[in-house]
Amino acid sequence: MNIAIIEDNPVESNRLNDIINNWSKTKKVKNDILSYSSAEAFLKANETIPKISVIFLDIEMSGMSGIELAHNLRNMNYDGEIIIITAFQEYVFQGYNVHALNYLLKPAEPVSIGKCLDDVYKKSLSEVYTYHFRSDVISIPFADIICFVSNLHNVDIVTADKTYSEHKSFGDVVNNLPSTFVQVHRSFVVNLAHVYSISKNTIKLSNGTEASIGRSFAKDLSTKFINYSTRLD
């Protein structure tokens, strides 16, 4: 995700940067953080604005205020998330007017910032994998799925918290996945968002799982991983 911090206090800006970086390491999510000391500086980087997933925005700044900037961004059809961070509680209602995702009082706690980032990350990959289990319909966000594994006549759907099992052809599953998933072995499909490392013959995932990379899948994996990483930059 691309994240912007717009804050004229360098101490607070650095603090936010550290919290976001810690969240990224914990979640193993690749983030690019851009910091700006004023609303005007952010607007000058107008080519960057559409690529920003979430903005952490201070309200009280010299020059253009954060609320003014937020209104300008919405008028420019910016549809990313805005998280308002300020020392002044009275601005909370103005935050609603610009459709802010959340309003956090300084000093914002790491847990609160982490929850906001969790929401943004899941929304950015909001599609879900759905299957029927007996009389129930199970929906799992693609963002939470680490990998799919063929297991005899079933397919295991692996997340960080739980492994689900679906009675279905592995080929049918593979053919209906979004582009963030890539097959690395005849019985193994991984979510590129959960790739921790890739060596010549092995891929390691965010939950510690390691899988062999089949020769016939290596080139496709390399190409898709490079393309995926480039989109994140």
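Computed from the coordinates by the stated procedures, all read-outs in this text should not be read as laboratory data. These numbers were taken from a predicted model, which means no experiment stands behind them. Note that we place each Cβ from the backbone using ideal geometry, even for glycine, and neighbour counts take in every protein chain shown.
Numbers at a glance
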quantity	calculated
Simple Cβ-charge dipole of the range 121-202, Lys/Arg +1 and Asp/Glu -1, about Cα centre, in debye nearest 20	180
Selection from MET76, ALA193, ASN14 lying farthest towards where the dipole of the chain points positive, charges on Cβ	ALA193
DSSP beta bridge pairing in the chain, given as percent antiparallel to the nearest 5	60
Among SER212, PHE142, SER222 the positive-end extreme of the charge dipole of the chain (Cβ point charges)	SER212
Greater than 28 Å apart at Cα, pairs in LYS30/LYS115; LYS27/LYS200; LYS28/LYS224; LYS123/LYS219	LYS123/LYS219
Exposure proxy ranking, count of Cβ atoms within 10 Å, fewest first, for ASP8, ASP79	ASP79, ASP8
Potential lengthening between MET76 and ARG186 on full extension [0.36 nm per residue; Cα-Cα distance subtracted]	35.0 nm
For GLU81, residues with placed amide H under 5 Å, excluding near neighbours	VAL54, ILE55
Summed side-chain charge close to SER212 - residues other than SER212 whose Cβ falls under 12 Å, Lys, Arg +1, Asp, Glu -1	+3
Neighbourhood net charge (9 Å Cβ-Cβ; Lys/Arg +1, Asp/Glu -1) for LYS106	-2
Equivalent ellipsoid semi-axes, the range 2-124, via Cα gyration tensor eigenvalues times 5, rooted, Å	20, 16, 14
Summed side-chain charge close to PHE170 - residues other than PHE170 whose Cβ falls under 12 Å, Lys, Arg +1, Asp, Glu -1	-1
P(r) weight above 31 Å for the chain, C-alpha pairs, percent	34
Top of TYR131, TYR78, TYR196 by mean-square fluctuation, Gaussian network on the chain, Cα under 10 Å	TYR131
More than 21 angstrom apart: percent of Cα pairs within the range 135-233	29
Over the chain: helical MRE at 222 nm, DSSP H runs n ≥ 4 each giving -39500 (n - 2.57), nearest 500	-10000 deg cm²/dmol
Quotient of C-alpha Rg and 2.2 N^0.38 Å, computed over the range 1-64	1.11
Mean Kyte hydropathy of -1.0 or more with a Cα span along the axis of at least 15 Å, helices from DSSP in the chain	110-124, 215-232
Derived scalar couplings ³J(HN,Hα) [the range 140-153; Karplus, 6.51 cos²θ - 1.76 cosθ + 1.60; whole Hz; x for Gly, Pro]	10, x, 4, 4, 8, 7, 7, 6, 10, 10, 6, 9, 6, 9
Amide hydrogen neighbours beyond the local backbone of PHE188, cut-off 5 Å, H modeled	SER150
